[in-house]
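Engineer: The structure's right below; bear with me while I get my questions together.
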Amino acid sequence: MFSARSLMRTTLSERTRSFGSHARPGVAASPYDASEASDRRCDKGEPTYTVARSATVGADADRVFEQIVDFRRWPAWSPWEDVDPNLRRTYSGAPSGVGSVYEWSGNRKAGAGRMAITGAHEPDRVVIELQFLKPFKSHNTITFTLEPQDGGGSRVTWTMTGPRTLTVKMMGMFTSMDKLVGGDFEKGLAQLKVVSERT
C-alpha cells in the first residue's frame, strides 16, 4: 500500500511556520542515496517530479525481486502498512508479476488507491502504475531497479515519477516531494533489507 496521505501529512500552516528554516543542526546524514534526478534538483517549472532512494541489501537480487513483485508480500516491508490497522486490501489479476493488482482503502491517513505491475524483468526491474484516488487523484510510476554487487548483495533503487499537478505545485511552495516521501522510501528500503536478508 502506498499512503497518499503521506504526501499531504504536513499542513500548510505547519510548513508556513517552518518555512525558511532549512538547516537541521545535529542531524546525521542519511545512509540512503538520493537520485541525481531527485526532486531537490528539479526545476519547479518542470511538468514532472522524480523522487528516488537507493540502499544496499545483503541478499541476491532474485530474493529481493520476490518481495517486490508479489503484492501479498508488501505488508512485511512497506512503510505505509501501519498507518491504518483496519486497512481494506484487495488483490486481483495475476498472483504476482505483470497483471498483478493491489487496491487499498482506509482512514484518511491511508487514503485509497490502486497499484498494478506493468513491467517485471527478473531479477533486475519492476515497474508499477500507481493511482491515488483519495485524498486526491494522481497517476504515478514506481520503478524498482536491482543491481548485483561485487562480493554479493544487491543495490536496490526505488523511484517514483509523477506529474506536477495543482496539489503538488501547491505543496511545492513550502516543501518538495523528495522531502515528503523520501523518508518513507528510506524506511521501506530498510525493512525490505531486513526481510530479504532473513528469507
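The values are calculated or read from the model by the stated rules, or taken from the named source; none is laboratory data. Not measured: the values here are computed from a predicted model. Glycine also receives a Cβ, built like all others from the backbone with ideal geometry; neighbour counts cover every protein chain displayed.
Engineer: Report, by residue number, each residue of segment 100-145 that is buried (at least 16 other Cβ atoms within 10 Å of the Cβ) and of a type in the set (Val, Ile, Thr).
Structural biologist: Residues satisfying the conditions are Ile117, Val126, Val127, Ile128, Thr141, Ile142, Thr143, Thr145.
Engineer: Do any strands (runs of 3 or more DSSP E) lying entirely in segment 76-164 carry at least 2 residues that are touching a Gly at 6+ places or on another chain (Cβ under 8 Å), and which ones are they?
Structural biologist: 88-93, 100-105, 112-121, 125-134, 138-148
Engineer: Restricting to segment 71-99, name every residue that is without any contact (Cβ under 8 Å) to a residue 40 or more places away in the chain and either crowded, with 17+ Cβ neighbours inside 10 Å or of a type in the set (Gly, Ala, Ser) (or both).
Structural biologist: Asp84, Ser92, Gly93, Ala94, Ser96, Gly97, Gly99
Engineer: Among (1) hydrophobic (A, V, I, L, M, F, W, C); (2) touching a helix residue (DSSP H, G or I) at 6+ places or on another chain (Cβ under 7 Å); (3) closer than 21 Å to Glu122 by Cα; (4) in a strand (DSSP E or B), which single condition is Ala52 missing?
Structural biologist: Exception for Ala52: condition (2).
Engineer: With respect to Ala55, determine if the residue is hydrophobic (A, V, I, L, M, F, W, C), under 16 Å from the mean Cα position of the chain (by Cα) and modelled with pLDDT under 85.
Structural biologist: The answer is no for Ala55.
Engineer: Hey, can you tell me all the residues within segment 111-150 that are in contact with a strand residue (DSSP E or B) (Cβ under 8 Å, 6 or more places away or on another chain) and of a type in the set (Asp, Glu)?
Structural biologist: Asp124, Glu129, Glu147
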